[in-house]
Each structure stands twice: as structure tokens, then as C-alpha cells.
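Engineer: Submitted below is the structure of interest, expressed as C-alpha cells.
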Amino acid sequence: MTISEILQYCMSKPGAEQSVHSDWKATQVKVGDVLFAMVKEVEGRPAASLKTSPELADLLRQQHDDVRPSKHLNKAHWSTVYLDGSIPGSQIYYLVDASYQQAVELLPETTRQQLSV
């Protein structure tokens with residue numbers, strides 16, 4: 001999977017907006033004001049930081065060398081997933097969906113209703 005492909009998938013989510021985080025040289029994808037993906041090259045490889053439950057983050061890190069704690073985000077919840085590694089694209093899309101859903105749940109009720117998700 002490429003950075004372009006994951007960004008396209010992230011931007012297909014209702015209310016998704018992207019911007020550049022200049023300090024980290026990364027593309028941020030948010031819904032409302034809540035971050036759900038951070039996409040950039042890490043160690044020369046395409047990668048995305050995605051939010052999960054701490055339990056899922058631990059499980060993924062144990063099962064896959066291509067999933068690591070995110071450097072600049074809360075390591076209990078945020079994992080950096082290498083897009084060109086052993087994790088199938090379908091699982092990466094699932095993780096994007098889960099991260100997006102967690103972000104939506106943090107939005108005010110009126111904003112969630114406007115997204116109709």
C-alpha cells in the first residue's frame with residue numbers, strides 16, 4: 001500500500017480533512033478537530049499512525065514487526081503501521097476505520113449527526 005492510497009481511503013470518510021503538520025513533516029487527517037491518522041515516511045518507508053485501544057495496540061505489536069508505538073503520539077493508543085510490510089491492506093483499512101470511529105465518538109453529538117456515520 002502507498003501513502004497516496006491510504007490518504008485517499010482516509011479522505012473518503014465523511015468529514016475528513018487533511019493538513020500538513022510542519023514539525024513532523026506528516027499529513028494529518030482529522031474529522032472535526034480530532035486526529036485519526038498521521039501519514040508520512042518513517043525510516044524511508046511509507047507509514048501511518050493510527051489510534052486503537054491499548055489492548056489491540058499491544059496485540060498488533062506482538063504479532064507484527066511492522067507495527068510499532070508512534071514516536072510523537074500517545075504510545076498506549078497510537079501505533080505506526082508500515083504500509084509496505086507484512087500487514088494486508090484489508091487489515092490496514094480496518095485499522096483506519098477503527099481509528100476514524102474512535103475520533104467520531106469524541107465529537108459533539110450535533111457534529112456526529114451532521115456526518116451521518
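Engineer: Which of the residues spanning region 72-117 are in a loop (DSSP other than H, G, I, E, B), open to solvent by 90 Å² or more (accessible area, probe 1.4 Å), in contact (Cβ under 8 Å) with a residue 24 or more places away in the chain and not aliphatic (A, V, I, L, M)?
Structural biologist: His72, Ser116
Engineer: Could you count how many residues in region 3-19 are hydroxyl-bearing (Ser, Thr, Tyr) and either touching a Lys or Arg at 6+ places or on another chain (Cβ under 8 Å) or modelled with pLDDT under 95 (or both)? Before the answer, list the steps.
Structural biologist: Of all residues in region 3-19, those hydroxyl-bearing (Ser, Thr, Tyr) come to 4, 9, 12, 19.
Narrowing the set further to residues that are either touching a Lys or Arg at 6+ places or on another chain (Cβ under 8 Å) or modelled with pLDDT under 95 (or both) leaves 19.
Qualifying residue count for the region: 1.
Engineer: Which of the residues belonging to region 80-95 are modelled with pLDDT of 95 or more and of a type in the set (A, V, I, L, M)?
Structural biologist: Residues satisfying the conditions are Val81, Leu83, Ile92, Leu95.
Engineer: Further, regarding this structure: When you scan region 10-19, how many residues do you find that are out of contact with any strand residue (DSSP E or B) (no Cβ under 9 Å at 6 or more places or on another chain) and open to solvent by less than 60 Å² (accessible area, probe 1.4 Å)?
Structural biologist: The initial filter retains those residues of region 10-19 that are out of contact with any strand residue (DSSP E or B) (no Cβ under 9 Å at 6 or more places or on another chain), namely 12.
Next, from what is left, pick out any that are open to solvent by less than 60 Å² (accessible area, probe 1.4 Å): none.
Total meeting the criteria: 0.
Engineer: Could you list, in sequence order, the residues of region 59-71 that are surrounded by 14 or more Cβ atoms within 10 Å (Cβ to Cβ) and not hydrophobic (A, V, I, L, M, F, W, C)? Before you say what the answer is, go through the steps one by one.
Structural biologist: Narrowing region 59-71 to residues surrounded by 14 or more Cβ atoms within 10 Å (Cβ to Cβ): 60-61, 64, 66-70.
Across region 59-71, the qualifying residues are Arg61, His64, Asp66, Arg68, Pro69, Ser70.
Engineer: Take the residues in region 20-48 that are modelled with pLDDT under 95 and closer than 23 Å to Thr110 by Cβ, then tell me which one is surrounded by the fewest Cβ atoms within 10 Å (Cβ to Cβ).
Structural biologist: This residue is Asp33.
Engineer: Being without any contact (Cβ under 8 Å) to a residue 24 or more places away in the chain, assigned to a strand (DSSP E or B) and hydrophobic (A, V, I, L, M, F, W, C) is the filter here, so list the residues in region 1-56 that pass it.
Structural biologist: Correct list: Val20, Ala26, Val29.
The values are calculated or read from the model by the stated rules, or taken from the named source; none is laboratory data. On a predicted model such as this, the values are computed, not experimentally measured, just so you know. Note that we place each Cβ from the backbone using ideal geometry, even for glycine, and neighbour counts take in every protein chain shown. Ligands, DNA and RNA are stripped out before the accessible areas are found, and what is left, the full protein with its side chains, is counted by its heavy atoms. Shrake-Rupley method; radii C 1.70, N 1.55, O 1.52, S 1.80 Å.
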